[in-house]
1. List pairs: first residue in segment 97-108 and on the phi > 0 side of the Ramachandran plot, second residue at pLDDT below 95 and surrounded by 21 or more Cβ atoms within 10 Å (Cβ to Cβ) anywhere in the structure, Cβ distance under 7 angstrom, at least six positions apart or on different chains.
2. Can you tell me which residue within segment 109-128, out of those that are in a helix (DSSP H, G or I) and of a type in the set (A, V, I, L, M), is most open to solvent (accessible area, probe 1.4 Å)?
3. Scan Glu4, Glu27 and give me the residue that is among the charged types (D, E, K, R), at negative phi, part of a helix (DSSP H, G or I) and out of contact with any Asp or Glu (no Cβ under 6 Å at 6 or more places or on another chain).
4. Here is a check on your reading of the model: is Glu4 farther than 28 Å from Phe127 by Cβ, in contact with a Ser or Thr (Cβ under 7 Å, 6 or more places away or on another chain) and either crowded, with 20+ Cβ neighbours inside 10 Å or of a type in the set (D, E, K, R) (or both)?
5. Would you be able to tell me the number of residues in segment 159-187 that are surrounded by 15 or more Cβ atoms within 10 Å (Cβ to Cβ), of a type in the set (A, V, I, L, M, F, W, C) and part of a helix (DSSP H, G or I)?
6. Which of the residues belonging to segment 181-197 are at pLDDT 95 or above and of a type outside the set (Gly, Ala, Ser)?
7. Report, by residue number, each residue of segment 60-105 that is at pLDDT 90 or above, open to solvent by less than 50 Å² (accessible area, probe 1.4 Å) and of a type outside the set (A, V, I, L, M, F, W, C).
8. Tally the residues that are assigned to a loop (DSSP other than H, G, I, E, B), touching a strand residue (DSSP E or B) at 6+ places or on another chain (Cβ under 9 Å) and over 20 Å from His177 (Cβ atoms), restricting the search to segment 191-245.
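The values are calculated or read from the model by the stated rules, or taken from the named source; none is laboratory data. Computed from a predicted structure; not experimentally measured. When we count neighbours, we look across all protein chains shown, and the Cβ atoms used for this are built from the backbone with ideal geometry, even at glycine. Calculation scope for accessible area: heavy atoms of the full protein, side chains included, ligands and nucleic acids excluded. Shrake-Rupley method; radii C 1.70, N 1.55, O 1.52, S 1.80 Å.
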Amino acid sequence: MDAEFLNKINAEIQKGAVGALCTVVRETGSTPRSRGASMWVRPDGSIEGTIGGGLIEYEAIQKALALMKSGETSTLWHKSLTAKDGMVCGGEADVFIEVIGLGDELVIFGAGHVGRATAELGAFAGFRVTVWDERPEFANDERIPWARNIVCPIDKIFGNGLALHSRSYVVIMTRGHALDAEAVRVTEGKPGAYYGMIGSRSKIAAVRAKLLAEGVSAAHLDRIYQPIGLPIKAETPNEIAVSIMSEIIAVKYGADIKRLRGETAAR
């Protein structure tokens, strides 16, 4: 595994990317590549490096993509290169596949006062932080240096570097009700350990009714913690950030959220 290959992977991970590293760890007989050959598989199926091309590489890519979707972090895959598959090498290979870059990530839709405070506190708590906003004057490295900032129309967010996964903690707090609703809509069907949306109960009820009428599933809406955060009577942006991060940390470690939120708290 050469330094240039590793540097490319590291550069992508530092920008917030997730991928799967496939490495040949054992080979017997005739195989396309020897032990140590490696390939980096991105969530879109594109690759860097090679473990030999052909069917073994195609199947390894499919295994890597399935692993990333599963939420698991590694697997050992065995492949026999048989004539039945059109491969006459006759050898065998074991490929270790490991997901890299899949850490706890706080994803904040909205770079306003509360979004900025939550980003800072999330980074302090050890989360990798991504902040999205459509306004470059709000989401930028000077104003929010603790996060990876993404600025684009909300419907383009998944084409501009955001990839949600099983350890994504998603916070929705945009500049208005309509944009909050759109953030809920674009995350339907996406994985995540936590989803929460800021707002009063009346606002949340209105957004829910609108989205249900437009076909967004009740299952997606029901998994969103709303109103967001533990009920500590927070008022300032920094206090609200404490409330939000306290709830996220409680979810992360499997605390009794129903008790912490109060028996009458709604989701």
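1. Cβ pairs passing all conditions: Gly101/Gly19.
2. Leu121
3. None of the other options fit; the residue is Glu4.
4. No: the conditions fail for Glu4.
5. Count: 5.
6. Matches in segment 181-197: Glu182, Val184, Arg185, Val186, Thr187, Glu188, Tyr194, Tyr195, Met197.
7. Asp94, Asp104, Glu105
8. Here the count works out to 3.
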